[in-house]
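Working notes, beginning with the structure itself.
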Amino acid sequence: MKIIRTKEGMREWSRSCRAQGKTIGFVPTMGYLHQGHLSLVEEAARAADEVVISIYVNPTQFAPGEDLEVYPRSEEEDLRKAQEKGATVGFCPSSLYSEGYQTNVIVEELIKPLCGVSRPTHFIGVATVVTKLFNIVRPDTAIFGKKDYQQLAIIKRVVEDLDQGVTIVGMPIVREADGLAMSSRNAYLTEAERAQAVALSQVLDLVRRATKNGERASHVLRDMALTHFKKFPLLQPEYVEIRDRETFELVTEVHDRCFIALAAKLGTTRLIDNSELD
Ligand code: AMP
């Protein structure tokens with residue numbers, strides 16, 4: 001596996017790769033890899049000749065007071081795991097922003113609801129860094145997890161709106177045995193918080209089951225979710241919303257192109273989860 005630490009080195013590798021007629025699959029991450037990230041690497045290896053994984057904790061997607069400084073890191077281990085799953089290049093830049101940087105990618109509407117309410121600048125940082133990474137790596141295909149459902153929709157919008165010419169693939173959420181969606185941030189949870197974190201996936205199961213049994217009213221499903229959360233005293237729900245998958249508009253009656261999205265805090269750790277509703 002080749003390790004590249006500069007933008008220039010990455011550009012050069014990409015240029016020569018394309019000159020040889022090879023396709024490039026790309027998995028952007030912030031590291032501390034788990035099976036969710038690795039499922040994206042496996043998909044990239046199926047989709048392209050070469051697989052680049054980037055490991056970069058992007059400062060512009062953290063607001064002051066968030067967990068940038070303490071975000072968990074394990075680069076050596078990450079690169080070993082990624083290589084095992086088929087990554088051929090690890091792109092680990094120390095910084096991506098030049099002095100005087102002042103250009104951002106702003107997706108006007110999709111950044112506002114859900115996580116955008118408590119993290120109003122987060123998706124500007126995400127859309128900007130992914131655009132920068134696409135410009136450097138020049139992938140044919142990039143793989144993202146549906147764990148970050150709003151992020152995936154925003155990236156698809158950016159690619160379409162700015163004609164970036166990258167095929168975006170969304171992969172299913174990988175979960176722990178008890179249903180908790182894998183996340184690098186799960187490492188922050190105390191034992192007691194970890195035990196209660198199962199509430200998020202339980203709520204998704206509950207709502208999916210209720211819709212299968214014919215319940216269509218969003219407010220009923222939402223109340224059901226909030227009532228379940230009350231059984232978990234360490235958990236503070238931030239939002240429970242059912243929206244249209246394409247437009248992200250709130251729906252009052254569930255139809256077959258909706259999703260439910262949740263965010264909750266356990267102590268200082270903020271967790272998100274979601275499920276498409278069919
Ligand atoms: P992160 O390192 O948190 O920025 O995540 C990098 C990529 O991994 C993003 O596309 C995430 O959506 C994806 N990802 C994170 N957790 C999971 C998971 N549990 N299942 C599938 N994909 C995930």
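Looking at Gly165 and the list (1) free of Cβ contacts under 8 Å to residues at least 60 places away in the same chain; (2) not assigned by TED's automatic domain parsing to the domain that holds Val130, which single condition is not satisfied?
(2)
Which condition does Gln102 not pass, out of (1) farther than 28 Å from Gln35 by Cβ; (2) in contact with a strand residue (DSSP E or B) (Cβ under 8 Å, 6 or more places away or on another chain); (3) open to solvent by 30 Å² or more (accessible area, probe 1.4 Å), if it passes all the others?
(2)
What strands (runs of 3 or more DSSP E), lying completely within segment 1-115, carry at least 2 residues that are more than 16 Å from the ligand (Cβ to nearest atom)?
The qualifying strands (runs of 3 or more DSSP E) are 2-4.
Which one is most open to solvent (accessible area, probe 1.4 Å), of the residues in segment 187-198 that are within 14 Å of the ligand (Cβ to nearest atom) and hydrophobic (A, V, I, L, M, F, W, C)?
Ala187
Just checking, which of Ala44, Ala82 is modelled with pLDDT of 95 or more and farther than 30 Å from Asp244 by Cβ?
It is Ala82.
Here's the yes/no breakdown for (1) in contact with a Leu (Cβ under 9 Å, 6 or more places away or on another chain); (2) within 11 Å of the ligand (Cβ to nearest atom):
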| residue | (1), (2) |
| --- | --- |
| Arg138 | no, no |
| Leu152 | no, yes |
| Val166 | no, no |
| Arg175 | no, yes |
| Leu180 | yes, yes |
| Arg185 | yes, yes |
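Under 9 Å between Cβ atoms, at least 6 apart or on separate chains: pull out the pairs that start in segment 171-184 with a residue that is β-branched (Val, Ile, Thr) and end on any residue that is more than 6 Å from the ligand (Cβ to nearest atom) and assigned to a loop (DSSP other than H, G, I, E, B).
Val174/His34
Which ones in segment 137-149 are assigned to a helix (DSSP H, G or I) and surrounded by fewer than 23 Cβ atoms within 10 Å (Cβ to Cβ)?
The answer is Lys146, Lys147, Asp148.
The values are calculated or read from the model by the stated rules, or taken from the named source; none is laboratory data. Predicted model only: the values in this text are computed from it and were never measured. Glycine also receives a Cβ, built like all others from the backbone with ideal geometry; neighbour counts cover every protein chain displayed. Calculation scope for accessible area: heavy atoms of the full protein, side chains included, ligands and nucleic acids excluded. Shrake-Rupley method; radii C 1.70, N 1.55, O 1.52, S 1.80 Å.
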